[in-house]
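Undergrad: My structure is below; once you've seen it, I'll send some questions.
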Amino acid sequence: MNTEKKKINIKFNVLAIIAIIILCFAISPKTLQNDTFYTIKIGELILNNGIDMCDHFSWHENLPYTYPHWAYDTGIYLIYNLGELTGIENGGMLFIYLSTVILACILGILIYYINNKLTKNKLVSFFISMFAIYLLRDFIAARAQLVTFILFALTVLFIENFLETKKKIYLLGMIIISIAIANIHVAVWPFFFVLFLPYIAEYIIASIAEKNVISRLKVLNKKSIIKNIEKQLNRQVNEKKIEKLNEQLNKAKEELIYEEEKLERVKQTSDNLRQKPYKIKVTKNKAVKWIVLVMIICAFTGLLTPLGDAPYTYLAKTMQGNTTASISEHLPLTLYNNKEAMVTLALFFIMLIFTDVKIKLSDLFMLAGLIYLSFMSRRQVSLLVLIGGFIFSKLLKYLTEKYDLEGCERFTKFMTTIIGKACTIIIVALVAFSLYKPKRNAEYINNISYPVEASTWILENLDVENIRLYNEYNYGSYLLFRGIPVFIDSRADLYAPEFNGTKKEDGKYEGRDIFSDYTSISSIGTYYENKFEEYDITHLIMVKNAKLNMFLSRDSKYKKLYSDDKFIIYERNK
């Protein structure tokens, strides 16, 4: 690489990183999500009391808790506490916000680096990376998933680098990532292994194709027939039968020659197809055997946590329960309601169907698997964008190299000029400002979504240690953050029988199904008073437009204690 090209590459990389940082800052939310509140409190609990696998924040007694992202919870609390120690107003929230911005920037830069590594095309890498970051904006939050995005991206990088260079250091990196995910976000640990499967599947198919199994079996069959005839000839003394056997032998040898020639033709055709594929490139990389070994080793890294068998059972229990059917992000993807996912899939299909682009079989498997996961749960659209973006970059790089490589290089060079830099930064800044503008005056805690004033009233007027408060799911985490014991919060698994009950012989779980009781009460699917009697509820807090409030406001048994623009608190007279 000549000196001028090196300078252009350095300038472009600097420009790309600046643009990515601007966009990542714009998409990072200032207002904390529901899960972040319980994350802070659980991190504090772990540092003070350790991991005892018990819940300490709901008023339900003896609920076991899995601590599914204990390492992340601890880290977030340390960041929050550091901010509080600075003495800055809302310093803890500020530091969490800054940590989200930093992690988003790391993810964005990593996406660009991996795309550039896979395609060796900076222009394609830049535009695809910016597009991927934009699509991921709704998944950027102070939650464990942001860290796992980074770890999943690194996993793809390590796999690709190992298959290319055969350096064992990347295998060690995969093992470390597996251990990290098992402690940071145990629910997605099984998905780590999904990233290996396309490469293994391609190796198996390539091996089968290389062996030409069917043609080889036909050759072996003919050889077996010849051997059998020769044995009969050695035992035969009748001349007529010997003559007939010789005819069969000659015919079998001719057929053997034909099958061997056919096998060679099939081999040649297969070699030609592998070297010049029409659509799908199938390669057999012997280094995949090491990937299989690492995958087996990583299967045991789930034991390197303080959570017992949670890495092996958590996802299965979650999918077996009914909590996923009631949580928005776990619902199946509906393309009509997700235009961006529709556009993303359309781009892939257009590229694969209407162009002569060639795709690796492992990439095709990966893409198919990610699409399947996305339709199962809209939450997995994030992985389709993240990992699928790497695949799309490779496809687009193929087209640019074939049809307009010089134009791509000229535009890359233009972007490193003063005018090009200015235009790029201005365009990115305008897009970033449009994304940031709606939240520039946002508070760390949304007073409309969370009962800030109502919580203060509860702490000042009620004995929180002795009341049994009924609350709604969406702000339970904020209540426990304020030190108010809750009926339910967004740790859905905690309130499901799969996690707090015992497994029966029929494979189902028997235990307290608090989550189902909550959904029945909130949707008026059951008579609320019966359930409140069962749980011995003393007080209730809810949003004013809740269905339940329509009934309680007319029920003389419930006395209104507090009301603001959004929330209302009742006392239940027994």
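The values are calculated or read from the model by the stated rules, or taken from the named source; none is laboratory data. From a predicted model like this one, the values you see are computed outputs, not experimental measurements. Using ideal geometry, Cβ is built from the backbone for each residue, glycine included, and neighbour counts are taken over all protein chains shown. The protein model used for the area step is the full one, side chains on, heavy atoms only, and it has no ligands, DNA or RNA in it. Shrake-Rupley method; radii C 1.70, N 1.55, O 1.52, S 1.80 Å.
Undergrad: Using helices alone, what [θ] at 222 nm do you get for the chain, with -39,500 (n - 2.57) per DSSP H run of 4 or more residues, divided over all residues and rounded to the nearest 500?
TA: My calculation for the chain gives -21000 deg cm²/dmol from helical runs alone.
Undergrad: Something else now. Mind checking the angle between helix 418-436 and the chain's longest principal axis? C-alpha axes, 0 to 90 degrees, to the nearest 10.
TA: With both axes taken from Cα atoms, the answer is about 50 degrees.
Undergrad: How much length, in nm to one decimal, is gained on full extension between Lys117 and Lys560, taken as 0.36 nm per residue of separation minus their Cα-Cα distance?
TA: Using 0.36 nm per residue and subtracting the Cα-Cα distance, I get 153.2 nm.
Undergrad: Give me the distance in nm between label points sitting 7 Å out from Cα along the Cα-to-Cβ direction at Ala325 and Ile280, one decimal.
TA: Each label point lies 7 Å from its Cα, and together they span 3.6 nm.
Undergrad: Can you tell me the 0 to 90 degree angle between the C-alpha axis of helix 122-135 and the longest principal axis of the chain, rounded to 10?
TA: 40
Undergrad: Could I ask something else about it? Would region 104-211 count as rounded, prolate or oblate if I go by the C-alpha gyration tensor, calling it rounded below 1.5 in a/c and otherwise prolate when a/b exceeds b/c, oblate otherwise?
TA: oblate
Undergrad: Between Ser449 and Leu78, what is the label-point separation in nm under the 7 Å Cα-to-beta-carbon projection?
TA: Each label point lies 7 Å from its Cα, and together they span 2.7 nm.
Undergrad: Mind listing the Cα extents of region 63-154 along all three principal axes, in Å, largest one first?
TA: 47, 36, 20
Undergrad: Are there GluC sites (Glu not before Pro) in region 22-98 that DSSP puts in a loop and that have at most 14 other Cβ atoms within 10 Å, and which ones?
TA: Listed in order of number, the matching sites are Glu61, Glu89.
Undergrad: How far is it, in nm, from the label point at Lys240 to the one at Asp309 when both lie 7 Å from their Cα along the line to the Cβ?
TA: Modelled inter-label distance: 7.3 nm.
Undergrad: Antiparallel as a % of all DSSP beta bridges within the chain, to the nearest 5?
TA: Bridges in the chain are about 70 percent antiparallel.
Undergrad: Is the C-alpha gyration tensor of region 290-412 telling us rounded, prolate or oblate? Criteria: a/c under 1.5 is rounded; beyond that, a/b larger than b/c is prolate, otherwise oblate.
TA: Oblate is the answer for region 290-412, as a/c is 1.5 or above yet b/c matches or exceeds a/b.
Undergrad: Express the carbon and sulfur contribution to the solvent-accessible surface of region 165-207 as a percent, rounded to the nearest whole number, probe 1.4 angstrom.
TA: Percent of accessible area from carbon and sulfur atoms in region 165-207: 82.
Undergrad: Using a ≥ b ≥ c from the Cα gyration tensor of region 297-354 (square roots of the eigenvalues), is it rounded, prolate or oblate, where a/c under 1.5 gives rounded and otherwise the larger of a/b and b/c decides, a/b for prolate?
TA: Because a/c hits 1.5 or more and a/b fails to exceed b/c, region 297-354 counts as oblate.
Undergrad: Work out the charge dipole of the chain with +1 on the Cβ of Lys and Arg and -1 on the Cβ of Asp and Glu about the Cα centre, then indicate which of Ser362, Ile40, Asn446 is farthest towards its positive end.
TA: The residue sitting most towards the positive pole is Ser362.
Undergrad: Under 15 Å from the 7 Å Cα→Cβ point of Phe25, by amide nitrogen: which residues of region 400-437?
TA: Once the point is set 7 Å along Cα→Cβ of Phe25, 425-437 turn out to lie under 15 Å by backbone N, inside region 400-437.
Undergrad: Would you work out what percent of the accessible area of region 316-424, with all protein chains in place, is carbon or sulfur (probe 1.4 Å)?
TA: About 68 percent, which is the carbon plus sulfur part of the accessible surface.
Undergrad: Right, next: Quick check: the angle from helix 381-403's long axis to the longest principal axis of the chain, C-alpha only, nearest 10 degrees?
TA: Between helix and principal axis, roughly 40 degrees.
Undergrad: Net charge near Asn90, counting Lys/Arg +1 and Asp/Glu -1 over other residues with Cβ under 13 Å of its Cβ?
TA: Counting the neighbours of Asn90, the net charge comes to -2.
Undergrad: Next up: Can you tell me the dipole magnitude for the chain around its Cα centre, using point charges on the Cβ only (Lys, Arg +1; Asp, Glu -1), in Debye to the nearest 20?
TA: 3260
Undergrad: Calculate, for region 270-415, the solvent-accessible area per residue in square angstrom, rolling a 1.4 angstrom probe over the heavy atoms of the protein chains.
TA: 53
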